[in-house]
Every structure is written in C-alpha cells, then in structure tokens.
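The values are calculated or read from the model by the stated rules, or taken from the named source; none is laboratory data. All values derive from a computational prediction rather than experimental measurement. Note: ideal-geometry Cβ built from the backbone for every residue, glycine included; neighbour counts use all protein chains shown. Just the protein is used for accessible areas: all its heavy atoms, side chains included, with ligands, DNA and RNA removed. Shrake-Rupley method; radii C 1.70, N 1.55, O 1.52, S 1.80 Å.
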Amino acid sequence: MFDTLSDKLDAALKNVKGEGRINDLNIAETMREVRRALLDADVNYQVAKDFTNKVKAHVTDEKVLQAVNPGQQFVKHVYDELVYLLGDVHVDLNQAKRPPTVILVAGLQGAGKTTFVGKLAHFLKAKGRSPMVAAADVYRPAAVDQLETLAGQVGVPVFAIRGADGVPVKDAVAVAEQAVAEARRMGRDTIIIDTAGRLHVDEAMMDEVVAIKKATEPDEILFVVDAMTGQDAVNTAKAFNDRLDIDGVVLTKLDGDTRGGAALSIRSVVEKPIKFAGTGEKLDALTEFYPDRMAQRILGMGDVVSFVEKAQEQFDAEEAEKLQRKFRTQEFDLQDFYDQLQKIKNMGSLKDLLGMIPGVGKAIKQIDVDDEAFRHIEALIQSMTPVERAQPEIINGSRRRRIAKGAGMEVQDVNALLKQFREMKKLMKTMSKLQGKGRAVDPTQLLAGR
Ligand SMILES: Nc1nc2c(ncn2[C@@H]2O[C@H](COP(=O)(O)OP(=O)(O)OP(=O)(O)O)[C@@H](O)[C@H]2O)c(=O)[nH]1
Ligand SMILES: [Mg+2]
C-alpha cells in the first residue's frame, strides 16, 4: 500500500533528518521533492501545492529553525499535514435514532460495492449489531446470487424480491423500500442496501440511486470507489456527491499497488470523510479509516494501533492484560512466544503484520517473509525443555546443539531464533509503552527509535 509514495517521501525527508540545522536551501529542496512525491502518487495538483506550502510555512517558523532536532520537526510537520489531508479525525457511521439504521451503498461498476456490503455486515455483526442486507442491484441475477452467497458466509439475512421464475424483479426502489420495512419488522438494527453500478457516471443510474435515497431516507450514504483509479476516483466521488450528498467514502483495493492519489485527494476535494478502506477480497479485509494511522503507514512509521487491535481480536481481554504485563516487566519467555505464534498465525499474513510495526515497515519490503518460517521457529521451541523456554539465557553451547539436533536444524538456527527473540522483547517493550499512553503515537518519538 502506497509503497512508492512512502519510499519517495522517505528519500525526500532523509536529507533533513540527519541535518543539524535547517536552512532555506534544504527546505526548498526538500519541499520540491515532497511535492514531486505527491504528484507522482497522482495527488491532485492543487492539493499537493497547498500541502507543501503549508509544511513550508511551518518549518520556516523561527522556532523550528532553532529547534534541537529540526529534521525531526520537519518530519512531524509533514506527518501533521498528511493527517489533516486525510481528514484529520476518524468519522463513524451515522446511526438512526430509531432503528433500523439505513445504509445506502453506491458507486461505479466493479468498484467493490457488493463485496463491501458483505464486509460491512461482517464488521457490524462482530460489533454485536444485527445487520441485514438488501439486493437492490436487480439487473443481473448474478448480482443477487453474489450478495446471497456473501450474506450466507457472514450469517446475516438478505432481502431480495424474485418472481415466480426465480428471476429478480426489476424494481430497485421497491426492493430497497420493502427491505427497510422488513428489517424493521424483523427487529434488525441496520439495513445495508447494495445498488447497481454502471461503467460510467450516467443519468439513468444516478436517477435510480436518487430515487432509492428518496424512498428510504438513508442515515448513511456511502460512496464506494476503487483506489486504483487515482484521480478518476476523485472525479466520480465529486459527481456522486453532487447528486447524492454522500456521508462518506469507502476506498477499496488499497491492498493493490495503488499510488495513493485518491486517498490523499478525495477528502480535500470532495470534503467528505473516508470511513472505510478495503484491503482484500476476503470478508475480514476491511479497516475503519483513521487519518493518523494511515499517515503513519505512509511515512513508514508502522501502524501500532491497528496491530494491537488485530492482536486483541485474537486474545481475550484478560489474556491480553496478562501479556501486556509480561511485556512491560520483560517476563515474556519463549513459551509465551510459542503460544502467541499460534495466535499470530490466525491473524493473517506475517508480512502484513510485521509491516505494521514501526521501523519494520521499510525493512520488510526488501525481504520475502515466508510464513513457513514459523514452522522452523515452532520446531526449535518444541525441541526445548520447559526450563529453557522460561529462561532462554541458560541456553548454552551444548544445549544449543541438542535443540538444533532435536529440530533437525543447525546451531546457527538456534542462535538466530534467540537473537530474534531478544529483539522482539525490546520491540514489545516499546510497543506496550506507546499503547499505554492510550493516544495517537507521537511520530517524533517513533522516529527517534529508528
Ligand atoms: N484486492 C481487492 N479486491 C477487491 C476489494 N473489494 C472488492 N474487490 C474485488 O473487486 C471485484 C468487484 O467487486 P464487487 O463487490 O463485485 O464490485 P461491485 O461494485 O459490486 O460491482 P458491480 O455490482 O458489478 O457494479 C471482485 O472481484 C472483488 O473480489 C478489495 O478491497 N481488494
Ligand atoms: Mg455488485
């Protein structure tokens, strides 16, 4: 996600990071490079220009010039502006005072609407809500089938109207309207309406969505857009917003090699918040959009909060607290490591997870992280005695040979594991400190640790 932009911003800021002082010359050069990085990422020209002007105004501020570490301040201003550009604060979905909350999902063909409807139902259900989905894309029978399949996987009811021949009745407004009534009757707290997309923004499609809006009075209108389409995404978002007055944007396919321009320009051009990001085809590949976390990822600072949240889904609260205490007090041992590995395996790809850790993001791109590597680590730990797992420091030369042999590996492998473990302990200590503050991570603090 945003790899090229991250690399270019990193290169642009490297110049000043190490500098003792900031002067007009390196400010001008750095700002030029930052602007080029943004334009290369397909960020709207005016947006990129405003961005660099604002950062420049901040860093030329006398205080910054005389600061102890002006380079870091420079990075902080870029970070602050990025957060602002991405919308500043996270905006939640609207909720109806009297349920059901009606969520209308619109967008161009293939943007990822139907997938998102499934993901959102999954997301809300996990939060204890009781969503229902409605198939108001009535033109292709396959569209209704697709939504029914997704709803089946999530385990939520789906509303559709089929004729006696099994073919969907071609009245999107009637489907949407009746779906809301049905959701109310069934006591569902949310109804998510999937609509048809078209290849281009055309009047017929817009009229239909507007008619659905009128008939259902949605609490939330979400515009779904493929982030890979760059500035086109911004233009269609504008067109939809002009007709529908949307409440929020959903950016899909952020997992692809999108250059990021859409994510960075949409908010300031359309003036509507990005609420969710789709990061894959699976039902759980949806994240709530937090400007600060996204900016941290773009600047290669990792995404500590998302990481911790993902971890918390796997650990129950009590267990997580126990683990946190162990991180803090450095009591975390190899047995804990082994147990956690089993959990981490359930959290997703190792590479994705590691990419969220500050400082690791950049490094991890170079290497091919092999999820199979887990298996070797597991084998080595299995080959240790309980005492060795609890007190890795007692693992001397002869123990290393025995452990390696038991796992069918070499002594170097044991050495590497023990070294990794020591480094991980350090990292966890930092992470638990950051999380303990319970607030957005201060980027200068993270950078200091790099
Ligand atoms: N990689 C990736 N693929 C996605 C994401 N969201 C959706 N897709 C894929 O994009 C394709 C289109 O998704 P749909 O949900 O069918 O799109 P749609 O907007 O409903 O399309 P129409 O109903 O034809 O207008 C599917 O192959 C999805 O699996 C995402 O976040 N990441
Ligand atoms: Mg669809």
Inset, instruction - For Asp171, indicate whether it is within 16 Å of ligand 2 (Cβ to nearest atom) and either outside the structural domain of Leu38 (by TED's automatic domain parsing) or open to solvent by 10 Å² or more (accessible area, probe 1.4 Å) (or both). - result: no
Legend entry - Those residues of region 15-50 which are at pLDDT below 80 and assigned to a helix (DSSP H, G or I), in sequence order: Asn15, Val16, Lys17
Inset, instruction - Within region 8-47, work out how many residues are touching a residue at least 60 places away in the same chain (Cβ under 8 Å), open to solvent by 50 Å² or more (accessible area, probe 1.4 Å) and more than 13 Å from Phe74 (Cα to Cα). - result: 1
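A quick yes/no check of all residues on (1) among the small types (Gly, Ala, Ser); (2) farther than 21 Å from Leu244 by Cα; (3) in contact with a strand residue (DSSP E or B) (Cβ under 8 Å, 6 or more places away or on another chain):
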residue	(1), (2), (3)
Leu104	no, no, yes
Gly118	yes, yes, yes
His122	no, yes, yes
Lys125	no, yes, yes
Ala143	yes, yes, yes
Ile161	no, yes, yes
His200	no, no, no
Inset, instruction - Tell me, please, whether a residue that is on the phi < 0 side of the Ramachandran plot, open to solvent by less than 30 Å² (accessible area, probe 1.4 Å) and at pLDDT below 90 can be found in region 418-431. - result: yes
Legend entry - Number of positions in region 102-125 that are touching a helix residue (DSSP H, G or I) at 6+ places or on another chain (Cβ under 8 Å) and among the small types (Gly, Ala, Ser): 4
Legend entry - Residue ID - least open to solvent (accessible area, probe 1.4 Å), chosen from residues in region 122-168 that are within 15 Å of ligand 1 (Cβ to nearest atom) and among the acidic types (Asp, Glu): Asp137
Inset, instruction - Tell me which of these Asp92 doesn't satisfy, since it passes every other one: (1) of a type in the set (Asp, Glu); (2) within 13 Å of ligand 1 (Cβ to nearest atom); (3) open to solvent by 70 Å² or more (accessible area, probe 1.4 Å). - result: (2)
Legend entry - Matching residues in region 226-249 - criterion: being more than 19 Å from Ile212 (Cα to Cα) and among the hydrophobic types (A, V, I, L, M, F, W, C): Ala227, Met228, Ala233, Val234
Inset, instruction - Determine which member of the set Lys63, Lys54 is open to solvent by 20 Å² or more (accessible area, probe 1.4 Å) and at pLDDT below 90. - result: Lys63
Inset, instruction - Report the residue count in region 192-207 for those that are of a type in the set (D, E, K, R), more than 12 Å from ligand 1 (Cβ to nearest atom) and crowded, with 20+ Cβ neighbours inside 10 Å. - result: 0
Inset, instruction - Would you check which residues across region 98-117 are open to solvent by 10 Å² or more (accessible area, probe 1.4 Å), in contact with an Asp or Glu (Cβ under 9 Å, 6 or more places away or on another chain) and more than 15 Å from ligand 2 (Cβ to nearest atom) and list them? - result: Pro99
Inset, instruction - State yes or no: is Asp80 modelled with pLDDT under 90 and either hydroxyl-bearing (Ser, Thr, Tyr) or under 23 Å from the mean Cα position of the chain (by Cα) (or both)? - result: yes
